[in-house]
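See below for the structure under consideration.
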Amino acid sequence: MNNFPVANQITIPEAVKRAYAHWNAGQAPQAEQLANQVLQVVPHHPDALHLLGLMAHAYNKPDLALDYLRRACMLSTAPAAYCSNLAEICRQRGLLEEAEKNARRAVAQEPQMTAGWNNLGIILQESGKFDASLECLQRVVALQPDNHEAHNNLANTCKLLGRLEEAQASYRQALALHPNYAEAHSNLAFLLCEQGRFDEAAAAAEMAIELNPHLADAYLNLAEIEMSRLRHDDALQRLNSLMAFAPQHAGALAARAQLLIKTERYQDALTCAHEAVRVAPDSARAHNVLGRALQALDQHEQALESFERAATLPGTVMEEAMVSRATLLMEMGDQDAAIAAFDHAMEKFPGSMRVMMARTDSKKYRSGDPDIALMEDALAQAVKPSISDQVGLHFALGKAYLDTDNSERAFYHLDQGNAIKRSVMVYDANQTRQWMRHIAASFTPALADRFKHAGAASERPVFIIGMPRSGTTLVEQILASHADIAGAGELSALRFAVEARGRFPDDLARWNDDDFARVGEDYLSRTSSLAPDALRLVDKMPANFLYAGLIPLILSGARIIHCRRDPVDTCLSCYSKNFSSEQLFAYRQDELGAFYRDYQALMDSLRNVLPADRFIEIDYESVVDDLETQARRLINFVGLPWDDACLDFHHTRRVVRTASVSQVRQPIYTTSKGRWRRHAAYLGPLLTALGIQSASSDTSGQA
């Protein structure tokens, strides 16, 4: 039937034509009425269904839009443009397989349709099929060389392929064609951030926001830039600005959760990540950041599930999620499963630098290891990897060459990696020295005596303090092997409890008994849910040495174990580790040595005020030489009966989330004692800063 069964009949084609005319003229009610009248006569009319689909999409009714467009494309004769539009709606809903199918159908029907090729290129890009995406988008640029959006889309794929110079050229071309193209400014900002050009990146993102104050990606990119510069407060401010007009933006929620993880506000991060998943249940990024939040809170099985879910969803997060899962398995002590997971990730992403860097700590390199050549080649390319990948590759190669006893190549890469990382950090060694001296001066014998009974009374907390890489993880693992002791890892609870009461140590002079007690109670409250049945809870945050003088005054029953190790071995181990946390002092040999001397001076001062029955010092070398004597000493110190499991600490199944994760899964070994002497020729600035004049000098004067 081609006519309406009413007076003043018009043909179906004329009705459809009028409906589209009404829609284009902004007369939506008339357009919808005519389209529905057409469907009453011809229930599967593709043109009417297509129009209603466009209208539903415009009025933010995605499910209805998807239904109409699917029905419009049911017939094999459906126009290519309809299939392309359906593909775009599917992409926006995260249905990437269906999107690709319809986009390919569109360009097969109409090979010269640039919009179809553009849609397909973006779909392939979001599916992680970057080479195929590149081919599509190059075709679009060839068909429409003056299309600024096409150049921007091509640049996005080039960036994902690591072809950063080509990406930058395409972004610049997009901006040359359209200087006020906010999206290109925003995308260029992200690229410049990956190249470590943070000031230029921030300027580009600010320009994007000025041009389009509601461009969400620009705020996300600016927040990422500030996080890369360790300006976490500024990053949070940018995310708050975005969420002021888009409070349920999944990307903003995921980015906020990531920032909260970085600042160790794990419970808040978990809440935020759950909200991101609720808003976007098919978002791989949301599930991945949820996994990271769960991991930080020791909810390991749930974290594995989130990483696995993220790895099965389409998009560009699969590789990261697979690496996160493998890394968590390694932290959980399941070495075989971790290695298998890394291998699976490498099979899925052959030659992946991300996988190679992540599995560095799970293996001991030997000469000729193919990973070494691949990582060297990646750094030798004319087009450099992103700044974070450059850092990771240099540290991974430094570790590989240390394993193979090639000091020259090891320190070439360690010096490069540390220099790049140091260049993006703000650190004042003199200010740090003055702060430590202020702490030392604040804890006098008079203060210690006056408030020695003020703190909350609990024998549960055990603090392991010292420099990073000084044996703190080893000591924790020995203790945590005891049936009545739980190792909690590196907690920020003490720092948060202290900071909640004011400036440290400035405000100490104004505190009374109640103030000290409240800080202790705050700490106990923050840790009460951790292993509640354990008689002792070990907090091995090394940097708590800054609060060592305070601990007996806020927690009168707490015990403190100070780990010490050869100064040069300690500093070399720090210098060779790409810390995930912010050890700002560790990335220049002279600053590292100066920090060690300042730490040493602080501990020398605090040793005079710490109660002898609540404070012991243990040397890493002594543990290595005589494990049983030192282990028994530790267990006796924490006031518990001996447990033979403490001698088999490397068999203890618990999560270890530190740079020493692989070492504590092995029996005691002595190869790390005095290892710095093999590399002394490359440690000049460090040795000078430590006051050691030659490789043969005695280093027994350790902290």
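Points to keep in mind about this one:
- Residues that are more than 9 Å from Gly398 (Cα to Cα) and either polar (S, T, N, Q) or within 19 Å of the chain's Cα centre (by Cα) (or both) were ranked within the range 409-427; the one that is surrounded by the fewest Cβ atoms within 10 Å (Cβ to Cβ) is Ser423.
- Of the numbered criteria (1) buried (at least 20 other Cβ atoms within 10 Å of the Cβ); (2) at pLDDT 95 or above; (3) farther than 26 Å from Ser581 by Cα, the one Pro461 fails is (3).
- When restricted to residues that are touching a residue at least 60 places away in the same chain (Cβ under 8 Å) and in a helix (DSSP H, G or I), the range 544-564 contains 7.
- Taking the range 261-271 as the range and being under 16 Å from the mean Cα position of the chain (by Cα), assigned to a helix (DSSP H, G or I) and either among the β-branched types (Val, Ile, Thr) or buried (at least 24 other Cβ atoms within 10 Å of the Cβ) (or both) as the test, the residues that pass are Ile261, Ala269.
- Taken over the range 547-576, the criterion of being at pLDDT below 95 and not polar (S, T, N, Q) is satisfied by Gly557 alone.
- Of Glu183, Glu166, Glu200, Glu149, all but one fail to be among the acidic types (Asp, Glu), in a helix (DSSP H, G or I), touching a helix residue (DSSP H, G or I) at 6+ places or on another chain (Cβ under 8 Å) and farther than 28 Å from Glu135 by Cβ; the exception is Glu200.
- Residues in the range 483-501 that are more than 14 Å from Leu550 (Cα to Cα) and either in a loop (DSSP other than H, G, I, E, B) or outside the structural domain of Ala456 (by TED's automatic domain parsing) (or both): 8 in all.
- Helices (runs of 4 or more DSSP H) lying entirely in the range 1-96 (those with 3 or more residues that are over 30 Å from Gly121 (Cβ atoms) and of a type in the set (A, V, I, L, M, F, W, C)): 12-24, 28-41
- Residue in the range 383-400 that is closer than 30 Å to Glu166 by Cα, over 19 Å from the mean Cα position of the chain (by Cα), of a type in the set (Gly, Ala, Ser) and surrounded by fewer than 20 Cβ atoms within 10 Å (Cβ to Cβ) present: no
- Residue within the range 612-622 that is assigned to a helix (DSSP H, G or I) and without any contact (Cβ under 8 Å) to a residue 40 or more places away in the chain present: yes
- Verdict on Ser84 being more than 30 Å from the chain's Cα centre (by Cα), over 25 Å from Ala321 (Cα atoms) and crowded, with 18+ Cβ neighbours inside 10 Å: yes
- Selection of the range 634-652 for residues being under 16 Å from Val538 (Cα atoms) and touching a residue at least 12 places away in the same chain (Cβ under 8 Å) yields Leu634, Ile635, Phe637, Val638, Gly639, Leu640, Cys646, Phe649, Thr652.
- Looking across the range 499-540, just one residue is within 26 Å of the chain's Cα centre (by Cα) and closer than 16 Å to Ile439 by Cβ, and that is Glu499.
The values are calculated or read from the model by the stated rules, or taken from the named source; none is laboratory data. Model, not experiment: these values are computed from the prediction. Cβ atoms come from the backbone with ideal geometry, glycine included; neighbour counts cover every protein chain shown.
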